[in-house]
Amino acid sequence: MSSNSSDLFNDDASHKVGVVSVLLPLGIPGPYDYAVPPTMKVDHGDFVTVPLGSRELLGVVWADGTGEVGHNRLKPIIERLDVPPMSRVLRQFVDWIASYTLSPPGAVLRLAIRAPGALEPAAMRTVYRLAGPAPDRRTPGREKVLELAQDGFARTTRELAEEAGVSTAVVRGLIDAGTFEAIELPADAPFGAPDLEFKKAVLSDAQAFAADQLTQRLEQGGFSAQLLDGVTGSGKTEVYFEAVAKALAQGRQALILLPEIALTGQFLERFEARFGCRPAEWHSDLSSRERKRVWRGIADGSARVVVGARSALFLPFADLGIIVVDEEHESAFKQEEGVTYNARDMSVVRASLGGFPVLLASATPSLETMVNVWNGKYDHLVLPERHGPAVMPAVGAIDMRATPPERGEWLSPPLMRAIAEAMAKGEQAMLFLNRRGYAPLTLCRTCGHRIECPQCDSWLVEHRFRKQLSCHHCGYSAPVPSACPSCNEEDALIACGPGVERIAEEVVQKFPQARLALLSSDNLRGPSSHADAIRQIADHEVDIIVGTQIVAKGHNFPLLTVVGVVDADLGLENGDLRAAERTFQLLHQVSGRAGRAERPGRVYLQTYLPEHPVMQALIEGARDPFLEREAVMRERTGYPPYGRLVALIISGENPKQVQAVSRELARSHGALEGISVFGPAPAPLALLRGRHRVRFLVKSTRAIAIQDYVAEWLSRVKVPGAVRVAIDVDPYSFL
Ligand code: ADP
Ligand code: ZN
């Protein structure tokens, strides 16, 4: 990959006079030159406002001026903001990602300044503290306030009035009398200071060994990467908490990245139990006020630990000292829209630019990460056993050809027996199916018509509880019609295949006494309802859990002993290069929910392919042979991580235009040793949100700078404004 960052960041000279180039958070090719007014001093990294057309925009001084535009024609910088500059490492990181993902640097910068208003001065509030002598005139109301204030805490007028049970007029009287003094404080609540000794876990030998290795890496300083490879329930969290504690002891900040779905209350509570305070959070559900608070706290160093989703990587840490990526194999770390980066990979980049350790944790590491372990780039820290008395669950396949469910049902007799046994013992069972809704396809019995999304190349999924058909790709939704939209026959529509709602229906029929919880993103809106559901399960207010992948991760339910995977073959159907790897990871993760405490767990995989290597690996608990086999296949075919891939998605509303651009692209890519270009081919989702889509796939050996090749190729083709060419480096989705 090309990078000219070394000269870009050669910013030791103190202040920049004359001309600087300013990067704006826009999808434009690069920074623009601006004149520095004679009375202004700016430096690389400074936040400034500049004119662009008739607008005034926030930007960052990126480099010395390029001199491409005559000085007398340059517009001047309007204002330099009085805030900490963007660090050199963060600027390098922005440029690195831009060149790696072939995105405009301004589009990446946008990710780094996505807290509107965070650069404005923080709002203040006035609080009052007992200061002067008590006034001569004492009333019962005044006595109450004085008594309350004895504790020495500063409070707002309203807090004083409310807590003392008096009117604000009484409080004001005391302030006017000089009994209270005013103090100005930031309106934002301060961040808690983690107490490193608050409640240290007593680590097992394996945990202590791993924690020591991490601590040593932190003491050594500098970049290093480690894989914390521990079976589900082995206590990886306790281990990386010790690494976080070490970084904090060094006076530095820590970032813990979780796949969005796992950002649950349970994790935050665990952090609080260990460190005595909540970490700062960063994810898409934050209010804009909270966003500002966190952004500022991270920039001024008062937020010591951030737990966040992938975009937390772009926060302006004052002094970041470690990144932990939990569940590193999760595809949720891949951003699929706009700048398509993989937060796991970019964490490694950020750690290497910042010169500190990065820790990837997983029970089912990605092949990418394992290859880095095998070739010695990453340290390998292993936790081979579950913590405490818990043992790994026994996993078995149910051959659906031999013991099929009744017609129109989805649970096989052996699985039903296992659930019944668990119920009889007062234990819990979980049924997993990674499919939302009631049925994935609605079909007309009379004419065979299948109901499709009008905007996408996909079937509409029936959601029976909501009485709607909806598209899982674009969100289109419509009521379930009573007659077939094609032949108008009444009552002819039938639901084909199961979603979780249908499994829940079957459970209610078969186990009418059991208390059921249905967990999917459709009925758990927002983190609090998710947390409620988790608590109900943990408190044994639920006997049988039916859920999508939302239940797969991270939770500890001591009474959960039976896990049934309704359709273990589901993930293997889409033939993309990681189908087997992902199915293994997901089902292993789901299996890991069983038997987390004293009671041993059993996992049942309903499958039509019991001989498949994924099923065999799960049954035998043979992860590494499975990964090695995958590695051999990928190496032989030159697929990642042994080769590089870039996907191009050409899309537009007019199919003719899309075809024309695709033909032009097909004509203009040059032949180069070590590179193959596949396509154009209609994307599997050939219509998405009303846009027609065509794909190319570029594959190269690792030795080739595939980005340069793609950039050069695209530069040869003129693309009309109505057609979009999206570039996906290291694609994870092939739809
Ligand atoms: P993993 O992330 O590896 O799946 P967890 O970190 O969630 O595992 O740990 C599993 C369970 O074991 C949790 O309930 C955790 O609190 C407990 N645990 C792990 N290590 C210890 C320890 N050293 N002392 C006490 N409890 C522990
Ligand atoms: Zn759709």
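Readers should treat all values here as calculations from the given coordinates under stated rules, not as data from a laboratory. Because the structure is a prediction, the values reported are computed rather than measured. Backbone-built Cβ (ideal geometry, glycine too); neighbour counts: all protein chains shown.
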*Within the chain, what percent of beta bridges assigned by DSSP are antiparallel, to the nearest 5?*
55 percent
*Full extension from E409 to S482: what is 0.36 nm times the residue separation minus their Cα-Cα distance, to one decimal in nm?*
23.9 nm
*Under 16 Å from a point 7 Å along the Cα-to-Cβ line of A177: which residues of segment 95-138 have their amide N that close?*
129-138
_From zero outward in steps of 5 Å, how is the percent of C-alpha pairs of segment 95-180 spread across the bins?_
3, 13, 19, 14, 6, 5, 5, 5, 5, 6, 6, 7, 4, 2, 1
_Taking every pair of distinct Cα atoms and averaging 1/r, then inverting, what Kirkwood hydrodynamic radius in Å comes out for segment 83-232?_
21.5 Å
*For an R0 of 35 angstrom, estimate the FRET efficiency from the Cβ-Cβ distance between T168 and E260 and round to the nearest 0.05.*
0.25
*May I ask which of K656/K718; K246/K553; K236/K553; K199/K292; K199/K246; K200/K334 have a Cα-Cα span longer than 22 Å here?*
K246/K553; K199/K292; K200/K334
*How many nm separate the modelled label positions at V83 and R401, each set 7 Å beyond the Cα in the direction of the Cβ?*
6.3 nm
_If I stretch the segment between E147 and S331 completely, what's the gain in nm (0.36 nm per residue apart, minus their alpha carbon distance), one decimal?_
60.5 nm
*asked:* Could you tell me the extents of segment 635-735's C-alpha atoms along the three principal axes, largest first, rounded to whole Å?
replied: 38, 26, 15
_Show me the ranking of peptides 667-679, 236-248, 640-652 by mean Cβ neighbours inside 10 Å, starting with the highest._
236-248, 640-652, 667-679
*For labels at S715 and V632 in the simple 7 Å Cα→Cβ model, what's the distance in nm?*
4.3 nm
*Give, as a single signed number, the net charge of other residues whose beta carbon lies under 15 Å from the beta carbon of V69, with Lys and Arg counted +1 and Asp and Glu -1.*
-1
*Excluding residues on the same chain fewer than 8 positions from K75, give the lysines whose Cα lies under 27 Å from its Cα.*
K16, K41
*Residue order, fewest to most surrounding Cβ atoms within 10 angstrom, among R636, R155*: R636, R155
*Summing -39500 (n - 2.57) over the DSSP H runs of n ≥ 4 in the chain and dividing by its residue number, what mean residue ellipticity at 222 nm do you reach, to the nearest 500 deg cm²/dmol?*
-9000 deg cm²/dmol
*Take the Cα coordinates of segment 335-476, assign each an equal point scatterer, and use the Debye formula without solvent to give log10 I(q)/I(0) at q = 0.13, 0.20 Å⁻¹.*
-1.04, -1.18
*Which order do V603, V36 fall in if you start with the one that has the fewest other Cβ atoms within 10 Å?*
V36, V603
*Can you list the GluC sites (Glu not before Pro) in segment 25-128 that are in a DSSP coil and have 16 or fewer other beta carbons within 10 angstrom?*
E68
_Using a Förster distance of 45 Å, the FRET efficiency for R445-A660 (Cβ separation, nearest 0.05)_ = 0.60
*Mind checking the log10 I(q)/I(0) for segment 187-327 at q = 0.09, 0.13, 0.18 Å⁻¹? Debye, one equal scatterer per Cα, no solvent, two decimals.*
-0.25, -0.53, -1.06
*P(r), alpha carbons of segment 551-690 - 5 Å bins starting at zero, rounded %*: 2, 8, 14, 14, 13, 12, 11, 9, 8, 5, 3, 1, 0
*Please work out the Cα center distance from segment 413-427 to segment 685-735, rounded to the nearest Å.*
50 Å
_Fraction of beta bridges assigned by DSSP in segment 257-410 that are antiparallel (%, nearest 5)_ = 10 percent
*asked:* For the chain, what does the relative contact order come out to in percent, with C-alpha contacts under 8 Å and a separation of six or more?
replied: 11 percent
*To the nearest Å, what is the center-to-center distance of segment 75-144 and segment 297-327, using C-alpha atoms only?*
15 Å
*Using a Förster distance of 45 Å, how high is the FRET efficiency between I619 and E120, based on the Cβ-Cβ distance and rounded to 0.05?*
0.20
_So if each residue of separation counts as 0.36 nm, and I subtract the Cα-Cα distance between E541 and E611, what length gain in nm does that give?_
21.4 nm
*What's the Cα-based Rg to Rh of segment 148-230, Rh via Kirkwood?*
1.35
*segment 12-115: proportion of alpha-carbon pairs further apart than 21 angstrom, %*: 28 percent
*By counting other Cβ atoms within 10 Å of each Cβ, how are I256, I619, I322, I494 ranked from fewest to most?*
I494, I619, I256, I322
*Long-range Cα-Cα pairs in the chain (distance over 49 Å), rounded percent*: 25 percent
*How far apart, in nm, are the 7 Å Cα→Cβ label points at K75 and L185?*
4.3 nm
*When N counts the residues of segment 408-516, how does its alpha-carbon radius of gyration compare numerically with 2.2 N^0.38 Å, as a ratio?*
1.25
*Under a Cβ-Cβ cut-off of 14 Å, what is the net charge of the residues other than Y608 that fall near it, where Lys and Arg count +1 and Asp and Glu count -1?*
-4
_Percent breakdown of C-alpha pair distances by 5 Å bin, ordered from the shortest bin, for segment 194-258_ = 3, 16, 29, 28, 17, 6, 0
